[in-house]
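First the structure, in the form of structure tokens, and then the observations on it.
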Amino acid sequence: METVAVIFGGRSVEHEVSVVTAIQAMENLDRDRFRPLPIYIAKDGVWYSHPEMISLVSFRRERLDMTLANAYRVHWDPVPGAPLTLEPPSGNERRGWFGKAKAKALEQVRVSAALLALHGTYGEDGSVQGFLELVGVPYSSAGVVGSAVGMDKIVMKSVFRGCGLPVVAYQWFTREAWLEQPEQVLDRLEAQLRYPLFVKPSNLGSSVGISKAQNREQLRASIEVAQHYDTRILVEEGVADAIEINVSVLGDELSARASVCERPLTWEQFLTYDDKYIRGNFNKSGGLARELPARLPEEVAARVQALAVEAFHAVQARGVVRVDFLLTPQFDVFINEINTIPGSLAFYLWEPQGMSYRDLLSELISIAQRSAARKARNQTDFGSDLLEHFQSGSKSSVKGGGSKGRPLV
Ligand SMILES: Nc1ncnc2c1ncn2[C@@H]1O[C@H](COP(=O)(O)OP(=O)(O)O)[C@@H](O)[C@H]1O
Ligand SMILES: [Mg+2]
């Protein structure tokens, strides 16, 4: 039996969505092979664990305080091979994690993989991935580079464009540029892009801070909103009457395949966070209603799927992603974004071709372990004798001291 850390929550506007993704995943994990260890990152960034964290009710508003008061604190040293340590709440007489009569003061757990159910900042963006690289635990998402590129809309667009993939025309600027010279920013945007324009903070998700502008005054208002959420703002041309198509891709850098296409069914062209997750037209999997597979001409679907796989490789993704497209009514195709940890891990896009959520999760864990094993073959120690010969003397060589100081390269 392998213990799999399922990490979720986090310091993100998509915190709640992440809880749902994680609970669904834990409900579907193959229990003959894997034991889920829920690791919940609270909104203040503290890591907790408790057996009851596999159930959604533990996270309802009226229960959350009690859940956290009873939870174990998770400590994990950023050292290769370190086990994680569970610290029971003080005065805790509960049964230990693995069924011992009483919780020991501290309990150590070795996990064989981490299943990442985090969405958005501090979780989908490479930060948790970087930590897991240090600990040496295989994890289910893209690596540090792929996660960071996929999370930053500006870098993502320039990588796609650099790889020859179709993206809409866009510009970007810093918050400082906006606050200092808003008219110049507006002039430049209007000279280079055509309305309608979409204004987006570079680094959020779930449509937070995003709005559409039809003219200069709306553009000004949109930027005012967006600049509260990030230091860099993306402005891009809108696709008129866009058909939204999403495709999942599963695999690693050696091989990856695309799922069927879905068309999320929206009654408006543009959904806000509240529309998506609160007022949304939810189906039984907790997501929006969708047309699945999307009714598209066969060659258009094939082109979208091929582009999705290219987008996956362009950002060096791994595991399961969802690539979102905007199509014109004439079926010109633009890649809008890649989500490197998609909501519900996009399991519903794999079911139509006969892959159960359970099998998807097992494959994600094996992709993670295979990839970590490949990386482990990289040499990290060069056996340098630099320190035997190098003389430091780095103190203030300018003011006469440290005459032996010299730059390394
Ligand atoms: N250039 C665009 N043209 C038309 N619609 C867009 C454009 N950009 C975004 N949208 C609409 O806004 C939604 C949210 O934008 P998106 O870039 O996907 O942000 P998020 O990361 O928050 O999901 C999209 O799903 C789409 O409906
Ligand atoms: Mg989106």
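Residues of the range 70-90 being in a loop (DSSP other than H, G, I, E, B) and polar (S, T, N, Q), which ones? Give the derivation first.
Quick first cut of the range 70-90, residues in a loop (DSSP other than H, G, I, E, B) only: 71, 77-83, 88-90.
Hit for the range 70-90 is SER90, nothing else.
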Output for the range 132-157, where each listed residue is of a type in the set (A, V, I, L, M) and in contact with an Asp or Glu (Cβ under 7 Å, 6 or more places away or on another chain): VAL144, ALA148, MET151, MET156
Taking LYS153 as meeting all but one of (1) over 18 Å from ILE210 (Cβ atoms); (2) under 18 Å from the mean Cα position of the chain (by Cα), write down the number of the exception. (1)
When the range 312-332 is checked residue by residue, the ones that are buried (at least 21 other Cβ atoms within 10 Å of the Cβ) and either hydroxyl-bearing (Ser, Thr, Tyr) or within 15 Å of the chain's Cα centre (by Cα) (or both) are PHE312, VAL315, ALA317, ARG318, GLY319, VAL320, VAL321, ARG322, VAL323
So which residues in the range 280-331 are touching a Leu at 6+ places or on another chain (Cβ under 9 Å), within 14 Å of ligand 1 (Cβ to nearest atom) and at pLDDT 95 or above, if there are any at all? ALA311, VAL321, ARG322, VAL323, PHE325, LEU327
Subset of the range 218-268 [within 16 Å of ligand 2 (Cβ to nearest atom), assigned to a loop (DSSP other than H, G, I, E, B) and without any contact (Cβ under 8 Å) to a residue 40 or more places away in the chain]: TYR229, LEU265, THR266, GLU268
Residue list for the range 1-49, filter: touching a helix residue (DSSP H, G or I) at 6+ places or on another chain (Cβ under 7 Å), under 15 Å from VAL111 (Cβ atoms) and among the β-branched types (Val, Ile, Thr): VAL4, VAL6, ILE7
Within the range 315-352, the residues that are acidic (Asp, Glu) and either outside the structural domain of SER259 (by TED's automatic domain parsing) or more than 14 Å from ligand 2 (Cβ to nearest atom) (or both) are ASP332, GLU351
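In this structure, is LYS200 within 15 Å of ligand 1 (Cβ to nearest atom), open to solvent by 60 Å² or more (accessible area, probe 1.4 Å) and among the charged types (D, E, K, R)?
Numbers: within 15 Å of ligand 1 (Cβ to nearest atom): yes; open to solvent by 60 Å² or more (accessible area, probe 1.4 Å): no; among the charged types (D, E, K, R): yes.
The answer is no for LYS200.
Need a quick list: helices (runs of 4 or more DSSP H) entirely within the range 110-179 having at least 2 residues that are farther than 22 Å from ALA372 by Cα and open to solvent by less than 10 Å² (accessible area, probe 1.4 Å).
Working: elements: 127-135, 144-151, 153-162.
The helices (runs of 4 or more DSSP H) meeting that bar are 153-162.
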Starting from residues that are of a type in the set (S, T, N, Q) and within 16 Å of ligand 2 (Cβ to nearest atom), keep the ones in the range 177-217 and report whichever is farthest from ALA148 (Cα to Cα). SER211
Filtering the range 360-392 down to residues that are in contact (Cβ under 8 Å) with a residue 60 or more places away in the chain and of a type outside the set (A, V, I, L, M, F, W, C) yields SER362, GLU363, GLN369, ARG370, SER371
List the pairs whose first member sits in the range 183-195 and is in the same structural domain as ASN215 (by TED's automatic domain parsing), whose second member is open to solvent by 80 Å² or more (accessible area, probe 1.4 Å) and at pLDDT 95 or above, and whose Cβ atoms are under 8 Å apart, counting only residues at least 6 apart or on separate chains? TYR195/GLN214
Of ILE367, ILE335, ILE341, the only residue that is crowded, with 18+ Cβ neighbours inside 10 Å and touching a Lys or Arg at 6+ places or on another chain (Cβ under 8 Å) is ILE367
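Evaluate the following for VAL57: is it surrounded by 15 or more Cβ atoms within 10 Å (Cβ to Cβ) and of a type in the set (A, V, I, L, M, F, W, C)?
It is false that VAL57 is surrounded by 15 or more Cβ atoms within 10 Å (Cβ to Cβ) and of a type in the set (A, V, I, L, M, F, W, C).
The values are calculated or read from the model by the stated rules, or taken from the named source; none is laboratory data. Keep in mind that this is a model prediction, so the values were computed, not measured. Glycine gets a Cβ as well: all are built from the backbone with ideal geometry, and neighbour counts include every protein chain shown. Areas reflect the complete protein model, heavy atoms only, side chains present, ligands, DNA and RNA absent. Shrake-Rupley method; radii C 1.70, N 1.55, O 1.52, S 1.80 Å.
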